[in-house]
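Undergrad: Encoded as structure tokens, here's the structure I'll be asking about.
The values are calculated or read from the model by the stated rules, or taken from the named source; none is laboratory data. From a predicted model like this one, the values you see are computed outputs, not experimental measurements. Don't worry about glycine lacking a Cβ; one is built from the backbone with ideal geometry, like all the others, and counts go over all protein chains shown.
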Amino acid sequence: MTFSAMATWQGLLVIALAIAAAVWLFLLKLKPPQIVVPSLTLWRVVLDQGRDRSLWDRIRKAVSLVLAILITLAIALALLRPQAGSPAGASVANANHPAGDARSNARVAIVLDSSWSMLASTSNGSTRWDRAIARARALASGAGGEEVVLATTADGVVEGPTPDVSLIEAALDRIGPSGGNASGLSRDLYGAGTTYFITDGALARSLGDGVVVESVFEAADNVAITAFDVRAADTLDSGGQAFLSVANYATVPQTVRIAITRGNASVLDVQVPLGAGESQQRIVPLDRSGDARLRARVSAKANALVVDDEAVAWIPGVQPLRLTVVSNAPSVFGPLLADGPAIAPTFVSPANYTPGREELVIFDRTLPATPSKVPALFIATAAVPPIKTRGLQTLSTPDLAAGVDLMTMTFDAARRYSADDLSAVAFSPDPVTMTDGRSERAPLVYVHDEPEQRFVLFTFSVVDSKMMFAPGFPVLMKNAIDWLAHPVPPGTRAPGPATFEGTFESVVGPDGQPVPLTRIGKFTVVPLSHTGFYEARAGNTSSTIAVNAGDPDISDLQRTRLPEALRTAAATSSASRGRPWWLVAAVLGLLLIAAEWFTWQRRITV
Amino acid sequence: MALRFDDDFLKKLEYLHVVSKRAFAGQSRADRLAPKRGTGLEFADHRGYAPGDDFRHIDWKAYKRLNRLLLRLFDEEQDLPIYPLLDTSKSMVAPQKFDQALKITAALCYIGLSHLDRVSMIPFADKLGEEQSPGTGKGRIFRVFEMLEQFEAKGATNLRASFREFAGRGRRRGLVAVISDFLDADGSEAGLKILRTLGHDVFAVHLVAQADRDPSSIGEVRFVDAETGERRDIDITPQLAEAYRGAWQAHTDAIEQFCGRYDIGYVRADAERPFEEIILQAFRQGRFLA
């Protein structure tokens, strides 16, 4: 048995003391008002004549005492909120290790499943997450002074280890579901004797020995967007296609309203009947013009989870990339860059170039007067004697050679750059990521990826070679431009921490606030904690990331991967928890007080 | 407390007189008919002359007609001994009860004085107190007031001991008005029976206060016996209060029945009732005053 804010023995002691105090107060002879009467003769007669006392007269004092004890007990229980057995109610220890045996180490780890399904509403109006928080509080309070570690599947450890329950309480107040799909848990992960994993079992996770699973699962009806994305246009007159998948995870058929908006314009608004467990996919053609932001919403009567009712997608290519080519041979690059709607090139000669509003610059065999802060593609810029080279062999990140048919490309010569040469190009040169296969290892492509400046340097010339005719070169060119134009790969992602290769200046969340970034070497970890559009910025370029929570695993609230015993136990405890029981105890205490007061006023009880 | 009656009330009292069911021999000439023939003004009867009789009472006219010596007899009008026995035990100290008793005593005294009766006020509690005789004549009422003002409530009630002592003093028979609440732990019957046995005409004036009739509070209280100081914690429930009221009613009924059985006049005087109303209505209805 555990109590909300104290150890078991403390809770029992408090209850015992409260009852003892109630009995003492009940039996305490309060000095009654003193009244002088002419004579006690008649009172003596009345009291001594052994008048017939009814059964109620004989037991009413005992009944009143019992009422007083019940009132005290109800109020004490309402305040202490003890929980019998497992502190969290429906629980089961993983493998063959019962929960109690796992307490060889004093530390207690409480891990909350922070997947989005935890936001599902339950029958009593609270969410699975609310239940999980309540259980976590009970577990933390019942730790009895032991160290507690609090973690979520999305954020890892968020507090502790600490014996200070108030810190855990404060952490529980500030955390919330934010995705996270940690695939496994083990007792050793947090160095804890007992690891409590509070989950609804929406996602499959492997659990190590000694992990006690606490279930907050309660089946619920839901309607969700399980997939929403945009396929880029393959023709000049098309804006692409939106793909939408809607599912009715309810036990009954219901009509689902589906609405897609592009900016403020409505693209689709229909009501479709969906059977129980049925899903429907739609492909919606998109116009060339319009807002790049696409939103889809579904609504239905039985819908326990809100977060998967809306999904977003970004339409690529709707806003052409502003590209400036600084070259004396624009005719070479013209056909290369004019084959798609996503790029709006401007050609200028080196003599006429001045930095403008362009998002990307290609410097062909020339250098700007001042280092460019705009992402740039430099092509054989410095006047360094070319050396003989052959083929691409080493391909590193970013994968600029993705899709490049190396067999079609022949590199006859490349320029060797010294550190001084590269300094002229950038503020700080970066290692080579592409080299040829010869012993001289002459680099063919330099990539510089820093938040202040991002550039790609081709050491081989396009104009002075036959590269224009190599089938793989346009692909290499496109890869380079895409990488420069998009700090992160655009597309749709699931919520949770996302790791991106490369660096960028900042990421702005759906709420317009910057998102804290964690840089680890060449990788940046971005916590995509909410659904909606995120914008990653680097120089004048930016990438939009669409984050959607909808997922068959998350949205199907009828399903859980918990063992059957836990599922039924959770359902039972859920049913019994229509309202918090301590509230019932408090109400019972008040009712008993009212009854005692009423009967006392009428001298029915003592 | 200053006992004073207004003039109107005193005038009303003068029209009243204490009703005695029997005639008692008095000491002095007064308004009340004595049981013996005497020297009054009212002719009562004739009887034959016997040697030694006063010649002045021979009815010579009758001698002339009947040729017999007959003696004229006259009613004797004497005073009535009135003994207001005032309960001065502490049980009378309840609000208004003692005051009411003093007023009633004063009124009886005034009525008696105005008819030249001999009034002797005697307080009692657990024993008989000092007899107070103001004299005769209604002018002595102020002396009565002064005497009554000296009375104070003290001691427990013991009617039997007090009246036994009253009997032991060997007074002339007369009208005894017992003004009491009759809250005697040993019962009031024995005491009243003593008075009745002595041949007095006894009237019981039963003073009752609201506090005597009905419990003043509901709940846990500590009652203190005003006479003995005994304390008793009592949880007064509605049922218990009802039982007390029943016991009280039985108590008063028992006194009244006893008085009826022993030819003792019984008048109940509620302390809360206006005093004039008690004197002018209740006492007359109880045939104590006429």
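Undergrad: Within segment B:188-199, identify whether any single residue is more than 7 Å from every other protein chain (Cβ to nearest Cβ) and more than 26 Å from the chain's Cα centre (by Cα), and answer yes or no.
TA: The answer is no; no qualifying residue exists.
Undergrad: When the residues of segment A:21-42 are narrowed to those that are facing chain B (nearest Cβ under 7 Å) and not in a loop (DSSP other than H, G, I, E, B), which ends up surrounded by the fewest Cβ atoms within 10 Å (Cβ to Cβ)?
TA: A:Gln34
Undergrad: Report yes if A:Phe460 is at pLDDT below 75, surrounded by 15 or more Cβ atoms within 10 Å (Cβ to Cβ), part of a loop (DSSP other than H, G, I, E, B) and in contact with a strand residue (DSSP E or B) (Cβ under 9 Å, 6 or more places away or on another chain), otherwise no.
TA: no
Undergrad: I need a count of the residues in segment A:262-279 that are in a strand (DSSP E or B) and under 17 Å from A:Ala242 (Cα atoms).
TA: Number of matching residues: 8.
Undergrad: Moving on to the next point. Any chance segment B:96-112 includes a residue that's polar (S, T, N, Q), more than 28 Å from B:Glu276 (Cα to Cα) and at pLDDT below 80?
TA: Taking every residue of segment B:96-112 in turn, none turns out to be polar (S, T, N, Q), more than 28 Å from B:Glu276 (Cα to Cα) and at pLDDT below 80.
Undergrad: Additional query: Does B:Ala185 qualify as being in a loop (DSSP other than H, G, I, E, B) and either of a type in the set (Gly, Ala, Ser) or facing chain A (nearest Cβ under 9 Å) (or both)?
TA: Yes; evaluated as a whole, the condition is true for this residue.
Undergrad: A further question follows. Could you tell me which residue of segment B:234-244 is nearest to B:Arg273 (Cα to Cα), considering only residues that are within 8 Å of chain A (Cβ to nearest Cβ) and modelled with pLDDT of 85 or more?
TA: Here the residue is B:Tyr244.
Undergrad: In segment B:149-174, what residues are in a loop (DSSP other than H, G, I, E, B), more than 14 Å from chain A (Cβ to nearest Cβ) and touching a residue at least 24 places away in the same chain (Cβ under 8 Å)?
TA: Answer for segment B:149-174, where residues must be in a loop (DSSP other than H, G, I, E, B), more than 14 Å from chain A (Cβ to nearest Cβ) and touching a residue at least 24 places away in the same chain (Cβ under 8 Å): B:Phe151, B:Glu152, B:Arg169, B:Arg171, B:Arg172, B:Arg173, B:Gly174.
Undergrad: Does B:Asp53 count as in a strand (DSSP E or B) and either at pLDDT 65 or above or surrounded by 16 or more Cβ atoms within 10 Å (Cβ to Cβ) (or both)?
TA: No.
Undergrad: Now a separate question. Only one residue in A:Ser439, A:Ser465, A:Ser506 is surrounded by fewer than 21 Cβ atoms within 10 Å (Cβ to Cβ) and at pLDDT below 70, so which one is that?
TA: Within the list A:Ser439, A:Ser465, A:Ser506, the selection yields A:Ser439.
Undergrad: Could you tell me whether B:Ala204 is on the phi < 0 side of the Ramachandran plot, crowded, with 23+ Cβ neighbours inside 10 Å and not aromatic (Phe, Trp, Tyr)?
TA: So B:Ala204 fits the description; yes.
Undergrad: Considering (1) in a helix (DSSP H, G or I); (2) more than 7 Å from chain A (Cβ to nearest Cβ), say which one B:Ala247 fails and leave the rest.
TA: Result: B:Ala247 passes all but (2).
Undergrad: With the structure loaded, tell me whether A:Ser331 is part of a loop (DSSP other than H, G, I, E, B) and at pLDDT below 85 or whether it fails that test.
TA: no
Undergrad: Same structure, new question: Can you pull out the residues in segment B:204-233 that are in contact with a Leu (Cβ under 7 Å, 6 or more places away or on another chain), in a strand (DSSP E or B) and facing chain A (nearest Cβ under 8 Å)?
TA: B:Phe223, B:Asp225, B:Arg232
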